[in-house]
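Working notes for the structure below.
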Amino acid sequence: MAGIDLTATSPRTTLDVVGRSPASRRRLSRAALYVILSVIAAVMVVPFVWMVLTSLKTPTDIAASPPTFLPTEWAWSNYADALAAAPFLTYARNSLVIAVSHTAINLLIASMAGYALARLRFRGSELVFLGFVAALMIPTYTKIIPEFLIVRFMPLFGGNDILGQGGTGWLDTWWALIVPGAVTPFAVFLFRQFYLDLPVELEEAARLDGVSELGIWGRIMTPLVKPAFITVALLTFESSWNNFLWPLLVTRTDSMRVIQVGLSVFRTENDTQWAFLMAGTTLATLPMVALFLLGQKYFVRGFANAGIK
Amino acid sequence: MELSRRSFLTAMGLGTATVVAGCSTTNGATSPAADPTGPVAGDITFLCALFEGTTGKETLEGNLLKQFNEKYPDVNVTVDYTDYGSLNEKITTGLASGLMPDVVTLGVGWIPPFAYKNAIAPLPESLATRYTYEERVLEPSRFDGQLYALPMVLDTRIVAYRKDFFEEAGITDTPKDWAELREIAKELTVRDGGTVTRVGFDPFSIDLRQCWETFLFGNSGELFSADGREVLFDSPEGVASLQLFLDMVADGSADFALTTEAGQPTTLQQGTSAIMMTNNSLYVQLQQQSPELVDKIGTFVLGNTTPAMLQGGTMVSQSATSKNPAAARALVEFMGSPDAVLVASEQRGSVPAILDLKDSDYVKSNPMVEFAINNLDKARSEGGTPAWMEIREKIKPTLETAIVGQQSAQQAIDQLAGIANDAIARL
Amino acid sequence: MAVVSAPRDVSAPPATPSRSPAPRRRRAGAARRRAGMLMVAPAFLHALIWIGIPVIAAFVLSFTDYDVLTQPRFNGIQNYVDALSDPVFRRGMVNTLVYAFFTVPVAMGIALLIALMLDTQLRARALFRTAVFIPQVTATIAVALVWLWIYDPRSGLLNAVLGFFGIPAQNWLSSTTWAMPSVIAVGIWQGIGLKMLIYLAALQSLPKDVYEAASVDGASKTRQFFSITLPLLKPATFFVFVTSVISAFQAFDLIYILTDGGPANTTTMMTYEIYKSAFREFRVGYACAQSIILFVFLLLLTLANRRLNGGDSGRH
């Protein structure tokens, strides 16, 4: 219920420019908007800021009680020490390869599927769509053992025979790291929802011009849902970049491991090296923040903006 | 259309069958114990929850395994590093797929379940007498009288206290039993107005399960019967061990909300507790975070009727399905040797499991480790039943119901005993 | 659920181009359907192998006593009986529902509100957007550790801030009263970024012509929001709702680090119990049965939402 109340107030604060003196009203609502956004931004960012500050503290500072907000001594060396604690360059490269592959494959295959499910209905397409939604509902921890077994018994790989016996299948290979997570039902679902509302006239006109269905998808419709592509790209990249358990399970050699596995070095059975963990996590998060800053640029044409102009 | 649909379903069915069948390809109860008489050669995998990070890898592969390979040049060891938190997942998937690593590190309490289900191979008794071990230390490595693992590093739960607070209050001796503990804790509790600013005793910063077990053993209680088939903790001793928490919370000398996370400064360092249950790794933490407190913190072993110190730790075992059992056995023996045990302990500030290492520089340099190794005769371990994995997870939440006041100590212990009996009955 | 089916019956604004598909032409239809199937095929096959097979396997195993160590033995519906009669798992079900009930609508409302505010030409919008998205991209382990510190009853930030306003300190995570609200707060906080991003993307794709027409007609901004924006956001809202409910039902990392399900099981969730059964207790067959129960829960919720919502497409 709270949801409705909150959304109901938004148009008033942001959009309502009807008033006696439109210019001053607009300025006032602008100021209010900045204040509200700043408060929200602060709440969202405080834990991140705390993380960065902790990454710059010495062990004695971390032990200070009550804790100090700023480090008394800026321990920049934490970053060098954290990076030296594990082969992070290799780990980051592996994570990057996985995240980029996942993003590229997901964008292509999931958007095709999402488009077809939205616009090219066929017998059973509704069922297929529901299947994708249902696929989202399986908890990771339920799938993980069977998925592991599929990887391990993958026929004709890693010394396995045609029945998948005898070897190790895809274990400890890039296949295992990339293929199982390459296409997500989440992305198929999201793309479908975005393709749903495009005007049908464009599609019809292109069809009359003799453009193939694949061409309509790739050249006509897809450019209209760029924000969906950016969203899927950001989210796919983010989740494979932050993935931990699956890469740990299916690899054995250190050179195949990923960045989150590297970060687990700082949390052992009875100790957590906070400064290093936070330094490592900060470094691991920065690429994502940069990507987001780049990606969000494409979210520019706001209807609110159009209304205010 | 029909045809493709049928072949499609067939392919699906086959895939599923492979997966389900995959679940059955595990060693199971039928496989014979690995025969270690073959040549000490071949490729083996070592699933290792120790030696993390660059320095750990350098120690293990750059130093230890080099020595091992000098002795056994035909063995090729692949180390699969994992963090302790994911060890379960690694072992579960390994077992499910029939690719259990040849050599694995396991925790205390894991041996009976794994040995019972024939997942790990028995070791010759001679390995138990090769070096000097405290018999208590080997207890968790045994099942049904057989040795299944070699202990490497131990982590003990000890009691640490602030000497300066004791001095201020004029207390000269550490408590001999619970009555004295409660007296001292009450005396050392500091209140500012209505709120407690320092508790006398902090039992909540270590895992509740382990703390309760420490009290239970210190009260001459037992978890299970020797064969692991009977619950013994629902005795008056077990109930009293839980009641101790409740009593101390009730009189304000302990506080359930006052805990710290691993790596955070402990309540003892913050001065918000005077006595706390802790781990011997506290010493390393003190050196890093509060060097000024190093001399102000003392340790003792608590007991009510008998002093008891809970022992956790990491052991090394051999898979029952190893294809190169002789090589796997050789690696287990090597990882259990003083050379490997010492560097492993040193890397994580733990207690070496071999008594011969008492005089090593490392032990001499770490007073809490030295304290623990000198008290290993009082060490007790959790587990002891093949159903331990199931029971273990239920202990903390069930005991908590009493701590937060949902039911009495007796009721909580009875409930836990019921859960444990069910788990044992499922064996 | 009523929340997302919110838009009142709104007649399409005048001058809106027809948004319903032209009547299917039989001739072109077959080619389109074939193209549709071919385009879905790769994703479908992938899901079939990597999700379909595991699900069927989990279903089969849910009727066995599989424990990884020994051969699975068929034990009928014993696992289901055990799961449904286990007070802790039942507690997990209730907690999961409570968690989803509070995190999903609240986070969705806040996310939409923020998306609307950020879908503008504000000067610092990139910074604001990034700030809101940051919790999403930071590894949960670090996030949860920071929240542990915020909730610390003695030295934590939250009690310090509340103390500043004269509000008494609470034992957030160790109190049976406050642990769940504390976890929910972090859940809402963490989930806003993703929802905001999807709403923001959806707002970008709204056709401008509709608003221009409405402005000409003199519709107020508030009216425009309810009669145009919300209905057009219906596909996005359906998506956000379904994925939020699912992720709320699968909340795991936060619980794992913040409370470990405690105190006294007050914050345990279904997924957490599934994880413990499978990987800490090695009761894989039992965990599979618990998962099937979770799956049925979610399926019912989604179908109910679709029914209540009367489909999810703006054009039907």
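The values are calculated or read from the model by the stated rules, or taken from the named source; none is laboratory data. If you're wondering where the values come from, they're calculated on a predicted model, not measured in any experiment. So basically every Cβ, Gly included, is an ideal-geometry build from the backbone, and we count neighbours across all protein chains shown.
Worth pointing out:
- Filtered residues of the range B:90-140 (kept if among the charged types (D, E, K, R) and more than 25 Å from B:Asp356 (Cβ to Cβ)): B:Lys90, B:Asp102, B:Lys117
- Restricting attention to the range A:150-162, the residues being more than 28 Å from the chain's Cα centre (by Cα) and either outside any loop (DSSP other than H, G, I, E, B) or closer than 10 Å to B:Gly15 by Cα (or both) number 2.
- Considering the range A:115-136, the residues that are among the charged types (D, E, K, R) and within 17 Å of A:Phe194 (Cα to Cα) include one that is farthest from the other protein chains (Cβ to nearest Cβ), namely A:Glu126.
- Residue within the range C:75-84 that is of a type outside the set (Ser, Thr, Tyr), outside any helix (DSSP H, G or I) and within 27 Å of C:Asn265 (Cβ to Cβ) present: yes
- Selection of helices (runs of 4 or more DSSP H) fully inside the range B:70-164 by the criterion of at least 1 residues being under 25 Å from B:Arg392 (Cα atoms) and among the β-branched types (Val, Ile, Thr) returns B:87-96, B:111-116, B:135-138.
- Any hit, the range C:297-305, residues being surrounded by 19 or more Cβ atoms within 10 Å (Cβ to Cβ), free of Cβ contacts under 8 Å to residues at least 40 places away in the same chain and within 9 Å of chain A (Cβ to nearest Cβ): no
- Residue among B:Lys90, B:Lys66 that alone is more than 11 Å from every other protein chain (Cβ to nearest Cβ) and either at pLDDT 95 or above or in contact with a Ser or Thr (Cβ under 7 Å, 6 or more places away or on another chain) (or both): B:Lys66
- Evaluation of C:Gly218 against (1) on the phi > 0 side of the Ramachandran plot; (2) touching a Gly at 6+ places or on another chain (Cβ under 9 Å) (one fails), failing number: (2)
- Residue match in the range A:216-225 (condition: out of contact with any strand residue (DSSP E or B) (no Cβ under 6 Å at 6 or more places or on another chain), without any contact (Cβ under 8 Å) to a residue 40 or more places away in the chain, surrounded by fewer than 22 Cβ atoms within 10 Å (Cβ to Cβ) and not in a helix (DSSP H, G or I)): no
- Unique residue being under 30 Å from B:Arg198 (Cβ atoms), more than 7 Å from chain C (Cβ to nearest Cβ) and of a type in the set (A, V, I, L, M) when the list is A:Ala104, A:Ala75, A:Ala84: A:Ala75
- A:Leu235 surrounded by fewer than 24 Cβ atoms within 10 Å (Cβ to Cβ) and at pLDDT below 90: no
- Failed criterion for B:Thr55 (all others in (1) surrounded by fewer than 20 Cβ atoms within 10 Å (Cβ to Cβ); (2) more than 10 Å from every other protein chain (Cβ to nearest Cβ) hold): (2)
- Of the criteria (1) more than 18 Å from A:Leu245 (Cβ to Cβ); (2) at the interface with another protein chain (Cβ under 8 Å from one of its Cβ atoms); (3) touching a Gly at 6+ places or on another chain (Cβ under 6 Å), which one A:Arg152 fails: (1)
- Of all residues in the range B:315-339, those being part of a strand (DSSP E or B) and touching a Lys or Arg at 6+ places or on another chain (Cβ under 9 Å) number 1.
- Scope the range A:53-72; condition more than 11 Å from chain B (Cβ to nearest Cβ), surrounded by fewer than 19 Cβ atoms within 10 Å (Cβ to Cβ) and among the polar types (S, T, N, Q); matching residues: A:Thr68, A:Thr72
- If you check B:Leu342, B:Leu357, B:Leu293 for being in contact with a Leu (Cβ under 7 Å, 6 or more places away or on another chain), touching a residue at least 12 places away in the same chain (Cβ under 8 Å), within 30 Å of A:Pro67 (Cα to Cα) and in a helix (DSSP H, G or I), only one passes: B:Leu293.
- Test set (1) buried (at least 23 other Cβ atoms within 10 Å of the Cβ); (2) more than 23 Å from A:Glu203 (Cβ to Cβ); (3) within 16 Å of the chain's Cα centre (by Cα) - A:Ala86 fails condition number: (3)
- Search result, residues across the range C:159-184 that are buried (at least 19 other Cβ atoms within 10 Å of the Cβ), assigned to a helix (DSSP H, G or I) and modelled with pLDDT of 90 or more: C:Ala179, C:Ser182, C:Val183, C:Ile184
- Reported count of residues in the range B:298-314, each being in a strand (DSSP E or B) and touching a Lys or Arg at 6+ places or on another chain (Cβ under 6 Å), is 4.
- Flag not set for B:Leu244, criterion: within 14 Å of another protein chain (Cβ to nearest Cβ) and either buried (at least 23 other Cβ atoms within 10 Å of the Cβ) or of a type in the set (A, V, I, L, M, F, W, C) (or both).
- Pairs with Cβ under 8 Å, 6+ apart, first in the range C:242-263 and of a type in the set (Asp, Glu), second at pLDDT 85 or above: C:Asp260/B:Lys396
- Residue in the range A:112-128 that is free of Cβ contacts under 8 Å to residues at least 12 places away in the same chain, among the aromatic types (Phe, Trp, Tyr) and assigned to a loop (DSSP other than H, G, I, E, B) present: yes
- If you go through the range B:337-362 and pick out every residue that is surrounded by fewer than 24 Cβ atoms within 10 Å (Cβ to Cβ) and in contact with a strand residue (DSSP E or B) (Cβ under 7 Å, 6 or more places away or on another chain), you end up with 2.
- Scope the range B:255-275; condition of a type in the set (A, V, I, L, M, F, W, C), in a loop (DSSP other than H, G, I, E, B) and out of contact with any Asp or Glu (no Cβ under 8 Å at 6 or more places or on another chain); matching residues: B:Phe256, B:Ala257
- Scanning the range B:336-367 for residues that are over 18 Å from B:Glu134 (Cα atoms), under 20 Å from the mean Cα position of the chain (by Cα) and of a type outside the set (Gly, Ala, Ser) yields B:Val343, B:Glu346, B:Gln347, B:Arg348.
- Test: residue in the range C:253-267 that is within 11 Å of chain A (Cβ to nearest Cβ) and either crowded, with 24+ Cβ neighbours inside 10 Å or small (Gly, Ala, Ser) (or both): no
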